[in-house]
Structure formats: C-alpha cells, structure tokens
Amino acid sequence: MTETHAKPLIYCFSGSPYVWRALIMLEEKGLEYEAKWIPRSSGEHRTPEMLALNPRGRLPILRYGDLTLYESVAICHFLELEHPEPPLIPRSAAQRARVLVLTSEANYLDTETWDALLFALGAKNDEAGPEPRRQAYLRLHAEVARWEAHLEHGGHYLAGDAISLADVVVFPGVAFLVRTGLTLSKRTPKLASWYARMLERPSVQASWPPHWRETAGSDAGYDAVE
C-alpha cells in the first residue's frame, strides 16, 4: 500500500473520539478528503495491509500524499503545520502554550472516561462490590469539573474566544460522554454551553459519526453518583 493519494484518505471507525478529532480537523481546515469507514467488528483494521500502515492496528490512519500518519493528535498537529489557515494554534506564545497544555490534558479525560465505561459495560470485576465503580464515576466527575474550570475565563472556547486545537481534541470525548449518559448541565453549565456551541459548528455536523445519526445513545449511570 505505497500508492500516493491525490487528496487525504482517512480510515475511520464510526463513533471513535480519536477518529472524530482528525475528521473535525480536516473539516475546520476546509480540506477535501476521502473517508473510508471500517466496521469495527470486521477486523479489517488488523489485516496485514492495514497493519503495514499502523502496526498497532488502530484508527485513525491518514494517507496524505505519500505519507502515512496515525495517532489522532499527531494527525491534527500535522494538518495544522501543513495548513496553517485558519489557525487552530494561536500565534502568541501565551495562547499557544495554553492550547498545547489543554490538548495534552485531554489524555486525562480519556483515561477517566474509559475507566468508568469499563465498569458500566461490566468489563471490570465487580467482586469488590459497587464501591470501585462508584469511585471510577467520581473520578470522572472530578475530571469533567476541571474542564468546567478551564472555561472560567469567560471565552466562547477552551482557550479563548476562537476555536483552537484544544476544542477539536477535547470535544469528541465530551460528546462520547453525553451519548453514554452524562448530563453536562447538571454540574457543569459552562461546559454545557461550550458543548452546544461546538455542536453548531459545520465541522462537527459534517463529521458526526454516521451510526450516531441512526441509533440512540445509552445511559451508563454517571449522573446517579453523587
């Protein structure tokens, strides 16, 4: 699979927050691209051909000319460098620093989300009773509260009044939490307003996970924990 692609080609899972980051980035940059949707259950992402593109067997994978990139944040950074307009990393050192820190902090939200979700799905051992699950949910709420605090500056977006790479990277994870039962307005009204604002962006609507348009979400019970 060494062919050169005239326009970016991205391999996708529907509903993956990591894939969604890259798709939003492509849309925000106004790039024409081709998305190849792979059913997660098909195992196609672990075929020898796909493993030659990403040995970890994960998506997204971006084919950009004769280059192959994987890891969602790396893809977003690459697209920002190749297509600096409109800028999603600010020019000033102070603003740039904030965006990069927030982008990195998204890892903590990912960690707490997946830990809580594993309990919700019954994939973690509950022999110790309900307390480990409760603690996982409390850690998730504490992490979400940190993102509420990041919006205390009063701007429309995480790093100010303009959308940035931080919003692109964080939004899909928050949207995943909402789809799996988190009510933002209950504890985090500023985050709820930010989420609504992001929902209105054409880049988000254009890249909305296909199967989310057709199926309802679930309720993992996050809101029941106080």
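Each reported figure results from applying straightforward, stated rules to the coordinates on display, with no laboratory input. From a predicted model like this one, the values you see are computed outputs, not experimental measurements. We place every Cβ from the backbone using ideal geometry, glycine too, and count neighbours over all the protein chains shown.
General remarks:
- Rounded to the nearest 20, the Cβ-based charge dipole of segment 93-205 about its Cα centre (Lys and Arg +1, Asp and Glu -1) stands at 220 debye.
- Three-way shape call for segment 22-130 based on the alpha-carbon gyration tensor, with the a/c threshold at 1.5: oblate
- Farthest toward the positive end of the dipole of the chain, out of Y222, H45, L62, is the Cα of Y222, where the dipole comes from beta carbon charges about the Cα centre.
- Förster radius 45 Å - calculated FRET efficiency between Y108 and R46, Cβ distance, rounded to 0.05: 0.95
- Paramagnetic reach from E34 (point 7 Å along Cα→Cβ, amide N under 17 Å) across segment 67-93: 67-69
- Global form of the chain, assessed from the alpha-carbon gyration tensor, a/c cut-off 1.5: oblate
- Dipole magnitude of the chain, debye to nearest 20 (Cβ charges: Lys/Arg +1, Asp/Glu -1, about Cα centre): 100
- Scanning the chain for DSSP H helices at least 24 Å long along the axis (C-alpha atoms) with a Kyte-Doolittle mean no lower than -1.0 picks out 93-120.
- Here's the list of lysines a cross-link from K7 could span, going by alpha-carbon distance under 24 Å and ignoring same-chain residues fewer than 8 apart: K29, K36.
- Most mobile of V101, V204, V174 in a GNM of the chain (Cα contacts under 10 Å): V101
- Helix-derived mean residue ellipticity, 222 nm - over the chain, DSSP H n ≥ 4, -39500 (n - 2.57), to 500: -15000 deg cm²/dmol
- The aspartates and glutamates within cross-link reach of K190, meaning a Cα-to-Cα straight distance under 15 Å and a gap of 8 or more places when in the same chain, are E143, E148, E152, D161, D167.
- Loop sites in segment 71-133: GluC sites (Glu not before Pro), DSSP, at most 16 other Cβ within 10 Å: E127
- Only aspartates and glutamates eight or more places from K124 in sequence, or on another chain, were considered; those with a Cα closer than 12 Å are D115.
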